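Beneath this line is the structure, given in structure tokens, with notes to follow.
The values are calculated or read from the model by the stated rules, or taken from the named source; none is laboratory data. Given the structure is predicted, the values throughout are model-derived calculations rather than measurements. As a convention, Cβ positions derive from the backbone with ideal geometry for all residues, glycine included, and neighbour counts pool all protein chains shown. Ligands, DNA and RNA are excluded from the accessible area calculation, which covers all protein heavy atoms including side chains. Shrake-Rupley method; radii C 1.70, N 1.55, O 1.52, S 1.80 Å.
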Amino acid sequence: IEHWSNARDMGALAAANLLAEPGSREVFVAVPTFWSDQYDVKIKSAGLLAIADSYVVIEEDDERPSLVVEAHRQGELVGAVVFNKNRKMIDYQRKLQASLLT
């Protein structure tokens, strides 16, 4: 995953694993993310949107450009994209990260 946050997180875990006892080292698991500012719209995405077989609009605001869409594969959450809903993305990243670790 070619994103600066992935490199930061991987480096931090590599350093922690270097100092940890062999039995307590952790595997690196990352949720793919990206963001982009397009004029007055901040777009953020997490997960694997390309593998989804359905998309559900969870929240939409006609008054301002904002949107929350979940991506599902066989009923399981695999990603999300938000427009101007930055705080929502934090929750999705946590949910997706937790599902990778189970």
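Worth pointing out:
- Ala16 being assigned to a loop (DSSP other than H, G, I, E, B) and surrounded by 12 or more Cβ atoms within 10 Å (Cβ to Cβ): no
- Index of the failed condition, Glu59 passing every other in (1) open to solvent by less than 30 Å² (accessible area, probe 1.4 Å); (2) touching a Leu at 6+ places or on another chain (Cβ under 8 Å): (1)
- The listed residue being under 15 Å from the mean Cα position of the chain (by Cα) and not aromatic (Phe, Trp, Tyr), out of Pro22, Pro32: Pro32
- Positions within the stretch 49-66 being under 20 Å from Val78 (Cα atoms) and either among the polar types (S, T, N, Q) or touching a helix residue (DSSP H, G or I) at 6+ places or on another chain (Cβ under 9 Å) (or both), in sequence order: Ser54, Tyr55, Ile58, Glu59
- Number of the condition not met by Val69 [criteria: (1) without any contact (Cβ under 8 Å) to a residue 40 or more places away in the chain; (2) loosely packed, with under 14 Cβ neighbours inside 10 Å; (3) of a type outside the set (D, E, K, R)]: (2)
- Whichever residue in the stretch 37-55 is of a type in the set (A, V, I, L, M) and open to solvent by 60 Å² or more (accessible area, probe 1.4 Å) and, among such residues, is nearest to the chain's Cα centre (by Cα): Leu48
- Per-region count, the stretch 44-55, residues free of Cβ contacts under 8 Å to residues at least 24 places away in the same chain and under 12 Å from Val82 (Cα atoms): 0
- Note on the stretch 39-88: residues that are out of contact with any strand residue (DSSP E or B) (no Cβ under 9 Å at 6 or more places or on another chain) and under 24 Å from Trp4 (Cα atoms) total 3.
- Taking the criterion of being of a type in the set (Lys, Arg) and either crowded, with 19+ Cβ neighbours inside 10 Å or over 11 Å from the mean Cα position of the chain (by Cα) (or both), the residues of the stretch 72-102 that qualify are Arg73, Lys85, Arg87.
- The set of residues in the stretch 52-91 that are modelled with pLDDT under 95 and either β-branched (Val, Ile, Thr) or assigned to a helix (DSSP H, G or I) (or both) comprises Asn86, Arg87, Lys88, Met89, Ile90, Asp91.
- The residue that is modelled with the lowest pLDDT, among those in the stretch 92-101 that are among the aliphatic types (A, V, I, L, M) and out of contact with any strand residue (DSSP E or B) (no Cβ under 7 Å at 6 or more places or on another chain), is Leu101.
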